[in-house]
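Data block below; observations after.
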Amino acid sequence: MAMLFLSTPARLPVWKPMFDAAGETLIAGEDAVSDPAQVTAIACWTPPADLSRYPNLRVVLSVGAGVDHLPPMPPGVALARTLAPGIEAMVRDWVVMATLMLHRDMPQYLEQGRARLWQSHPVQLASARRVGIMGMGRIGALVAQSLSALGFDVAGLSRSGQGTDIQTFTAASMDAFLERSDLLVCLLPLTAETRGILGARTFAALPRGARLIHAGRGAHLDLQALRTALDSGQLGSAMLDVTEPEPLPQDHWLWDDPRVILTPHIAAQTDATEGARHALAVMRALNRDTPLPGLVDQAKGY
Ligand code: GLV
């Protein structure tokens, strides 16, 4: 039993000693595999092109929070994603930062700053800003808690519509959710159902001048619809950590639009120690035949 490590090489000096200390075998890179039958798990962002090379493969582990970039698994191969408190905390931090930036009109003040314009605009209480969080999984629930603690009026949208003490809407009541979202936060996983969900129809259902925060996946967002909504004033501003494509081409309009703040998919990066700890927990679960931590429901896609 061994895990094949295909993640960022800089993480290897952390993973290897932790695997050694736990008595688990970690093979760094496909070239180092002498017996493919030994490989029972693969930790990667990009998996090997040919998984059939590994006859005893039981799980592919995404070293990030998402799995939408991974192909369908062959029969009998499980898919798991990394559960790491650091990933959740980092995304929480980014969303709190973005919420405060848009709540306090930072796109406008940054633009005024470039023009050396000293001019104030009315400031609104956090409690008067209704935040709507699409995706109330582990990260969404943590964001909801933090934004509530800052005084924002927070509601969530989730498939099951339950799970926290935050008011949570289901897809069936999506319009009611959108109508009360002055500031919409997208933290959804990318699935066939959620692709393109941030589009004209969703924007039209928001209160006029609403703000958009997006730390899901680029393919959730229809950029042309975003531009139209910004131009019409239906959306006031946006802060995005993800785009389609990534990297965003140099000549893309988003770079120059003062109503948009962009970061290059950095809301979270998996901490090497936390990632290795999770990978070891996956190996232990394989050894003991117990439920895999971070197991993905491949039918649902998250
Ligand atoms: C990053 O987007 C991740 O999935 O961890």
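The values are calculated or read from the model by the stated rules, or taken from the named source; none is laboratory data. Since we're looking at a predicted model, the values are computed, not measured. Neighbour counts run over all protein chains shown; Cβ positions are idealised from the backbone, glycine included. Accessible surface areas use protein heavy atoms only, side chains included; no ligands, DNA or RNA. Shrake-Rupley method; radii C 1.70, N 1.55, O 1.52, S 1.80 Å.
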Failed item in (1) outside any helix (DSSP H, G or I); (2) in contact (Cβ under 8 Å) with a residue 24 or more places away in the chain, with Asp297 passing the rest:
(2)
Among the residues of the stretch 35-59, what is the count of those that are closer than 18 Å to Pro189 by Cα and open to solvent by less than 10 Å² (accessible area, probe 1.4 Å)?
0
Selection count where residues are under 10 Å from Val131 (Cβ atoms) and of a type in the set (Lys, Arg), scope the stretch 145-174:
0
Which numbered condition trips up Thr202, out of (1) under 20 Å from Val242 (Cβ atoms); (2) of a type in the set (Ser, Thr, Tyr); (3) open to solvent by 50 Å² or more (accessible area, probe 1.4 Å)?
(3)
Return yes or no: is Thr25 away from the ligand (no atom under 13 Å from the Cβ), touching a strand residue (DSSP E or B) at 6+ places or on another chain (Cβ under 8 Å) and closer than 30 Å to Leu150 by Cβ?
no
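Quick one: is Thr263 hydroxyl-bearing (Ser, Thr, Tyr) and in contact (Cβ under 8 Å) with a residue 24 or more places away in the chain? Explain how you work it out, then say what you get.
Working: hydroxyl-bearing (Ser, Thr, Tyr): yes; in contact (Cβ under 8 Å) with a residue 24 or more places away in the chain: yes.
Taking the combined requirement at face value, the residue satisfies it.
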I need a count of the residues in the stretch 248-270 that are within 11 Å of the ligand (Cβ to nearest atom) and either acidic (Asp, Glu) or open to solvent by 40 Å² or more (accessible area, probe 1.4 Å) (or both).
3
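Condition check ((1) assigned to a loop (DSSP other than H, G, I, E, B); (2) over 23 Å from Gly196 (Cα atoms); (3) not acidic (Asp, Glu)) across all residues:
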residue	(1), (2), (3)
Gly216	yes, no, yes
Ala219	no, no, yes
Gln224	no, no, yes
Ala238	no, no, yes
Glu246	yes, no, no
Pro249	yes, no, yes
Ile261	no, no, yes
Arg277	no, yes, yes
